[in-house]
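Asker: First the structure, which I've put down as structure tokens, then a few questions once you've had a look.
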Amino acid sequence: MSIRDVLRENRVLMRLYSMLRDSIGHANDRYYGIRTESVDSFRFRDVCTDATRYEAIPYWLLRRIVQVVKPGSEDVFFDIGCGKGRALAMFAQCPIKKSVGVEIDPALAQVAERNAASLKGRIAPIEVRTENAAETDYSLGTIYFMFNPFGPTTLAAVLGRIRETLVKRPRKITVVYYNPLHLDVLRKELGLSVEVRTEKHFPWRPQKVAFASNDLQKA
């Protein structure tokens, strides 16, 4: 029996487990001077019918993603469905050109803007766009991050817009898709090589992250 199975059968242990994870998230928030914890339901179903609720990615996993992607001085990071801006904050602490968040919910976007202003150790500028991800201009981006923000319909529209920018401005890009429930859409719309990694870090359950990229030098 796995640790996860034991927790499922014991409500007290599960509660303690959840409190431990939450306390780690809160501690990291305090360290960086931001507030990104809690889960929020999505309120704009009439605009984006397949959007998912806001939930922050674990800090440890963000650090792993940064290690894999290795953002540089010419990179522009896009967090598609940025919520309260945790990923924006982490990438803004890297020596990149800009960290851009796209969020359709004005309330969440305002929180992301406040977090951008209060972030400790920020290196790169942060821009938060309150707009529909399916209508955003992605032409400046080189790194795109998504925490399963919506279903296959909107995902296809977003990836289609990114693909169009590659036709107009060929460049190397990386797409990071956390909790990749619609990998088939990612492969179909971008046609890039995809690597799915399973990252482990106690007390979290194993986390899947898909990395899709092109290499213009081999084209």
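Asker: Quick check, is Gly72 in the same structural domain as Glu199 (by TED's automatic domain parsing) and modelled with pLDDT under 95?
Answerer: no
One line per residue, one yes/no per condition, for (1) closer than 24 Å to Ser99 by Cα; (2) of a type in the set (A, V, I, L, M, F, W, C); (3) touching a residue at least 12 places away in the same chain (Cβ under 8 Å):
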site: Pro149; (1), (2), (3): yes, no, yes
site: Pro152; (1), (2), (3): no, no, yes
site: Leu155; (1), (2), (3): yes, yes, yes
site: Leu159; (1), (2), (3): yes, yes, yes
site: Ile162; (1), (2), (3): yes, yes, yes
site: Leu186; (1), (2), (3): yes, yes, yes
site: His201; (1), (2), (3): no, no, yes
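Asker: May I ask you to verify whether Thr153 is in contact with a strand residue (DSSP E or B) (Cβ under 9 Å, 6 or more places away or on another chain) and in the same structural domain as Ser99 (by TED's automatic domain parsing)?
Answerer: Details: in contact with a strand residue (DSSP E or B) (Cβ under 9 Å, 6 or more places away or on another chain): no; in the same structural domain as Ser99 (by TED's automatic domain parsing): yes.
So Thr153 fails the test.
Asker: Among the candidates Tyr177, Tyr144, which residue alone is without any contact (Cβ under 8 Å) to a residue 40 or more places away in the chain, under 15 Å from the mean Cα position of the chain (by Cα) and buried (at least 16 other Cβ atoms within 10 Å of the Cβ)? Walk me through it before giving the result.
Answerer: Working: Tyr144 fails: without any contact (Cβ under 8 Å) to a residue 40 or more places away in the chain.
Answer to the check: Tyr177.
The values are calculated or read from the model by the stated rules, or taken from the named source; none is laboratory data. This structure is a prediction, so every number in the text was calculated from the model and none was measured. Heads up, the Cβs are rebuilt from the backbone with ideal geometry, glycines too, and the neighbour counts pull from every protein chain shown.
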